[in-house]
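Heads up: the structure comes next, in structure tokens.
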Amino acid sequence: MFLTIAPNSHPKTWESSNLHLFPLPSKIKTNPSIIIPKAYNSEDNNSTKSTAGKIKRMVLTQQGRTKLNILPDREFYAFPRFVTHVDDRFISNLTNLYRKCLRPEFEILDLMSSWVSHLPQEVKYKKVVGHGLNAQELAKNPKLDYFFVKDLNEDEKLEFENCSFDAVLCTVSVQYLQQPEKVFTEVFRILRPGGVFIVSFSNRLFYDKAISAWRDSTGYGRVQLVVQYFQCIKGFTEPEVIRKLPSNDDQENKSPLSKIMQLIGLLSASSDPFYAVIAYRNFKPVHE
């Protein structure tokens, strides 16, 4: 079995000789129940062994992980969608957050990404690796140096060495994870000490592909759900929550064209709410 990581310099002219194939290590054996596998719950009772990054408790019930559409996610995302799933105000808030939290020397993993990463245009990061389920979308993303395709609902393992990244991003996609606890512990493992994990989302979703616990919740409840994902992993700092909700002024400031599009159903009646939950591995660094 191989993981394919492709350079993004000339996505339209890739040749097979440009691809780099890396053998995957053996998969972790998983249990279909919510019992934590050995990889996440070591039987080693050695008191000197660190428990950082381990799952302290499961957040979701088995019912909470279910989806209405039970077809494999790879089939659902087989065709590219070159659209933005949130409005301009959400994107502006997210880009400003990245501008504040991410430094040019960072190596970044954009988890569950697509054809755009919403990173600041003026910043060139040391390395940006993209992950997603549609290779055509990822190949169009100008910010990515490399990308790989993998269904995290089939196998949560991220094929990177420990402490590989300074930041991991997950934008408007956390609602589709059926084993978020295991994905978050993998993110912890590949983050360097002081590394940041930024999870952002709104109220938009593919309803039949979102998990039950997300579909049946509210904006506040979804924020608390992501907070619990962080809190269930030993070693993440206390999560920081950012909320920017639409105001009444948003409706008054819409252009006439926007109001017409709204009336015929082509535009949401209000701006998308912006939520972000942020935590760090071990500690929050102080940058001068």
Here the alpha-carbon Rg of the range 159-206 over 2.2 N^0.38 Å rounds to 1.21
Any trypsin sites (Lys or Arg not before Pro) in the range 65-105 that lie in a DSSP loop and have at most 16 other Cβ atoms within 10 Å would be ARG81
Any GluC sites (Glu not before Pro) in the range 160-219 that lie in a DSSP loop and have at most 10 other Cβ atoms within 10 Å would be GLU161
Here, trypsin sites (Lys or Arg not before Pro) of the range 115-158 satisfying both criteria (DSSP loop; at most 15 other Cβ within 10 Å) are LYS124, LYS126
The set of residues whose placed amide H lies less than 5 Å from the amide H of VAL128, leaving out same-chain residues fewer than 5 positions away, is ILE108, ASP145, TYR146
With x for Gly and Pro, the residue-by-residue ³J(HN,Hα) of the range 93-101, computed from phi through the Karplus equation 6.51 cos²θ - 1.76 cosθ + 1.60 at θ = phi - 60° and given in whole Hz, is 4, 5, 4, 5, 5, 4, 4, 7, 9
Residues of the range 192-216 with backbone N under 13 Å of the label point set 7 Å from the Cα of VAL241 along Cα→Cβ are none
Once all protein chains are kept in place, ASP166 shows an accessible area at probe 1.4 Å, nearest 10 Å², of 30 Å²
Given pairs LYS56/LYS284; LYS54/LYS140; LYS182/LYS209 and cut-off 28 Å on Cα-Cα distance, the over-length ones are LYS54/LYS140
So, with points 7 Å from each Cα along the Cβ direction, the ASP208-LYS234 label distance in nm works out to 4.2 nm
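The values are calculated or read from the model by the stated rules, or taken from the named source; none is laboratory data. This is a predicted model, so every value here is computed, not measured. Cβ coordinates were reconstructed from backbone atoms using ideal geometry, including for glycine residues, and neighbour counts include every protein chain displayed. We work out accessible area using only protein heavy atoms, side chains counted, and drop any ligands, DNA or RNA first. Shrake-Rupley method; radii C 1.70, N 1.55, O 1.52, S 1.80 Å.
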